[in-house]
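Comments concern the structure below.
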Amino acid sequence: MLVKCPHCGTRPVEEFTFNGDASVQRPASNDPKSMDQWFDYVYLRDNPKGRFDEYAHHSSGCRAWLVVTRDTQSHEIFNVVTARDYAKKRVAP
Amino acid sequence: MKYSVFSLLKNTLSGHKKWPAAWRDPQPKQDYDVIIIGGGGHGLATAYYLAKVHGISNVAVLEKSWLGSGNVGRNTTIIRSNYMLPGNNPFYEWSMKLWEGLEQDFNFNAMVSQRGVLNLCHTDPQRDAFARRGNAMRIDGVDAELLDRERVREMYPFLDFNNARFPIKGGILQRRGGTVRHDAVAWGYARGADSRGVDIIQNCEVTGIKTVKGKVMGVQTSRGFIGCKKLGLAAAGNSSEVAAMAGLKLPIESHVLQAFVSEGLKPYIDGVVTFGAGHFYVSQSDKGGLVFGGDIDGYNSYARRGNLPMVEHVIEAGVAMIPGLARVRVLRSWGGIMDMSMDGSPIIDRTPIDGLYLNAGWCYGGFKATPASGWCFAHTIAKGAPHKLNAAYRLDRFRRGCMIDEKGQGASPNLH
C-alpha cells in the first residue's frame, strides 16, 4: 500500500502506524449516565467490509495524525486527510 | 465406515478405488434444531460435540465456500496451553487434553504431534515473567519447564545465542505442546459429525438472519430459507458481518495475519520455537518445509493477503533468531482474517437475542482452541448457558470491566 500524506506526498505503508476506526466519537460527558456511550466508543466497532475511515500516524515521517479512507477488502486507498480536517468536517453541520 | 488397519488392507486390495466419501453432500432440510454458521474447525467441532456429547444430531453446518477453506486451513498448526490468566488456562488445557485423545475419539489421523513448544526469552525481566507464567500453568496442572541458556543450546544449537540486540537467556518449554495436521482436524470433525447425522452444507452463504420478537427463527441463505430453533455463529474473521445481520455490534476488528512456508529441508527443527522478542515462530512440517509466521499486519482488513513490509519484518525476525535461515527460500505466503477482540480473548456465549449464540474473537490463537471451543460452544448451545470452562468468555465482560487481557494491551485489537 502507498499512502499519500498531505504533507509528505506518496509514502510507503511501513512509515505509518494504524490505529483503528476514526468514525467512533469520544463522548463529551464524564457523567456515569453516559457509560453506554463510553462502552460503545471504547469497545464496539462496525468493522466494515469495504470502505473504512481509520487513523494513521505518519510515525516515520512528519508525525502527523491522518485519517485514511481505505477499502478493507481490496486495500485501495481513496482519500487521506489530516485528522484535524477530518474532525472539523465531522462537527460541521 | 470405521478407519482401521483392516479397512486399509481391504481397500488396498481394490486399488484404493472404493473408499467411500468421508461425508455426504446433503440438500438443506427445511429446518433444524441447531444451525451453525461457519464450516471451519470451530463450527465443525461444535456440530461434532453437539451430536456426540449432547445427542443433538438434527444439526446443519453452513459453509459459504468449501469445508475448511478459512483459517483452519491457513494457520501454522501449533497447539499449546501455556496461558497465564485463570479464565484462560483451564480452557486451553482442556483443549490440550482433547487433542491428546482426539484421533481415537473421531477415528481420523490428525497427526497430533506433541513435539514441544519452546518460547525463548531475551532479558532477565522476560525470564521472570516466564517463571511466573510457568508457575501459573503448573497451578492449573499444565506442564512447564524453565530452561536456562545451556539447556536451550542443547536443544537448538543453531539459534543465535549472542545476538547483539536480543541475546537468548533461556526459555520456557511446554513438552505437551506441538503441532497438528490442520486440514485433517476439519476433515476428522466433519466426518465424525456427518456420521452422527449432522448435515454439512457447503457453498451455502448466509445472507440474513430472521428474528421475530427477539428470537431467532432461521437464516436466509444462497440456497433458500432454512429454519432453526438455535443458531450458532462461528464465522471467525467475518463474525462482525454475520452478527450485524442480527443487529449486533461486536467488540471485534478484523485483521490480516500472514503465514509462510519454506522449501522442503532435511529434518532441522524438531519442535516449535518462538522468538519472544521479535514475535516469530517456526516449526517444520512433515514434508520438510519450515512453517512460520509473525505479527498481524496492523490495519483492519478483510483481504486474505497482506503487504510486503510485514513479510520483510517476519523474515528479519526469523534470521535474527536463526541466522541459517538467511539461505532458505520461501515457497509460499498467505493470509487469513483474524477476529481480533478488544482484550485478546475469545467470546463463547449467548447473545441478547434468544436462540442466538456467539463463538468469536479468537484473535490469532484459534487453532489450538478448536476442540475445547467446539466442546464448550456445544455445551453452551445445548444447555443454554456457558460451561464452567468458558464462563469467563462472556460477551458482556467488556461492559462489566472483566476483561481477560493476557498481554495487558487494553482495547487495541491491533496490539494483541
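Tabulated results
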quantity: Top-ranked residue of the range A:31-59 - restricted to ones that are in a loop (DSSP other than H, G, I, E, B) and closer than 16 Å to A:Pro6 by Cβ, ranked as nearest to the other protein chains (Cβ to nearest Cβ); calculated: A:Ser59
quantity: Single residue of the range B:231-288 satisfying the filter (in a strand (DSSP E or B) and among the aromatic types (Phe, Trp, Tyr)) that is farthest from the other protein chains (Cβ to nearest Cβ); calculated: B:Tyr281
quantity: Residue in the range B:114-127 that is crowded, with 21+ Cβ neighbours inside 10 Å, modelled with pLDDT of 95 or more and of a type in the set (S, T, N, Q) present; calculated: yes
quantity: Of residues in the range B:299-324 being free of Cβ contacts under 8 Å to residues at least 60 places away in the same chain and more than 9 Å from chain A (Cβ to nearest Cβ), the one surrounded by the fewest Cβ atoms within 10 Å (Cβ to Cβ); calculated: B:Glu316
quantity: Failed item, numbered, when B:Ser333 is tested on (1) away from chain A (no Cβ under 13 Å); (2) more than 30 Å from B:Ile168 (Cβ to Cβ); (3) within 20 Å of the chain's Cα centre (by Cα); (4) touching a residue at least 60 places away in the same chain (Cβ under 8 Å); calculated: (2)
quantity: Enumerated strands (runs of 3 or more DSSP E) restricted to the range B:304-416, each holding at least 2 residues that are among the charged types (D, E, K, R); calculated: B:330-341, B:347-350
quantity: Selection from the range B:390-416 of residues that are crowded, with 20+ Cβ neighbours inside 10 Å and away from chain A (no Cβ under 14 Å); calculated: B:Asn390, B:Ala392, B:Tyr393
quantity: Some residue of the range B:267-286 being among the charged types (D, E, K, R) and modelled with pLDDT under 95; calculated: yes
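The values are calculated or read from the model by the stated rules, or taken from the named source; none is laboratory data. Values in this document were obtained by computation on a predicted structure and should not be read as measured data. Cβ coordinates were reconstructed from backbone atoms using ideal geometry, including for glycine residues, and neighbour counts include every protein chain displayed.
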